[in-house]
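See structure below.
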Amino acid sequence: MNNLILNNSVRFLALVLLQVLVLNHLNLFGYLNPIVYIVWVVLFPIRKNKSIFLILSFLLGLSIDFFSDSGGINAAATLFIAFIRLPVLKIVLKKTDFDYLLFNLRAISFGKAFLFITILTFIHHFIIFSLTYFSLDSFSTIISNTILTSIITIIISILGIILFTKKK
């Protein structure tokens, strides 16, 4: 239990620091910034209290907003994907009920894990860019930024998950 709390706390802090100190200053192809802090939402244990999870997810996004001066956009997007994480997982696994206590992202097939991460990432990024541009005139920009940033984020996130999580 304490080890789980420590692991999630360290992951939270490490992802915030990685995002604000490195990735926010990394402009791939001139304008793409990977947004990998959402890995924390993906990896947070399902069996934990949902209210605490939602509060921590909001604080994760708010931490990014604080350092990025983005006015709550990250908090809103992160809170939303935290809220829909379980329904998305149920759709991806095609089960109405599964054992929350035994669920581990690395325990499911790569294809299902990839699909789960992809859906959450695209939704998160779409919210981020929609709130950033906040105009239907910029719809093509919103879609292109969502797609391109999501692709880079998914690649980096999956590599990070493979390298830094234990297979069970």
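Being more than 13 Å from the chain's Cα centre (by Cα) and free of Cβ contacts under 8 Å to residues at least 24 places away in the same chain is the requirement here; does Leu105 meet it? When the stated conditions are applied, Leu105 does not pass them. Beta carbons closer than 8 Å, at least 6 apart along the sequence or on distinct chains, never pair a first residue in the stretch 140-160 that is assigned to a helix (DSSP H, G or I) with a second that is charged (D, E, K, R). Residue check: Phe122 meets all listed conditions (1) under 20 Å from Arg11 (Cβ atoms); (2) in a helix (DSSP H, G or I) but one, namely (1).
So that you can scan it fast, the table gives a plain yes or no per residue for (1) in a helix (DSSP H, G or I); (2) touching a residue at least 24 places away in the same chain (Cβ under 8 Å); (3) basic (Lys, Arg):
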{"site": "Asn7", "(1), (2), (3)": "yes, no, no"}
{"site": "Val10", "(1), (2), (3)": "yes, no, no"}
{"site": "Ala14", "(1), (2), (3)": "yes, no, no"}
{"site": "Leu56", "(1), (2), (3)": "yes, yes, no"}
{"site": "Leu59", "(1), (2), (3)": "yes, no, no"}
{"site": "Gly71", "(1), (2), (3)": "no, no, no"}
{"site": "Ala82", "(1), (2), (3)": "yes, yes, no"}
{"site": "Arg85", "(1), (2), (3)": "yes, yes, yes"}
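Counting only residues that are exposed (fewer than 13 other Cβ atoms within 10 Å of the Cβ), polar (S, T, N, Q) and either at pLDDT 90 or above or under 10 Å from the mean Cα position of the chain (by Cα) (or both), the stretch 116-168 holds 2 of them.
Scanning the stretch 85-109 for residues that are at pLDDT 75 or above and surrounded by 12 or more Cβ atoms within 10 Å (Cβ to Cβ) yields Arg85, Leu86, Val88, Leu89, Lys90, Ile91, Val92, Leu93, Leu105, Ile108.
Could we say that Gly30 is modelled with pLDDT under 95, surrounded by fewer than 13 Cβ atoms within 10 Å (Cβ to Cβ) and assigned to a helix (DSSP H, G or I) here? Taking the combined requirement at face value, the residue does not satisfy it.
The values are calculated or read from the model by the stated rules, or taken from the named source; none is laboratory data. On a predicted model such as this, the values are computed, not experimentally measured, just so you know. We place every Cβ from the backbone using ideal geometry, glycine too, and count neighbours over all the protein chains shown.
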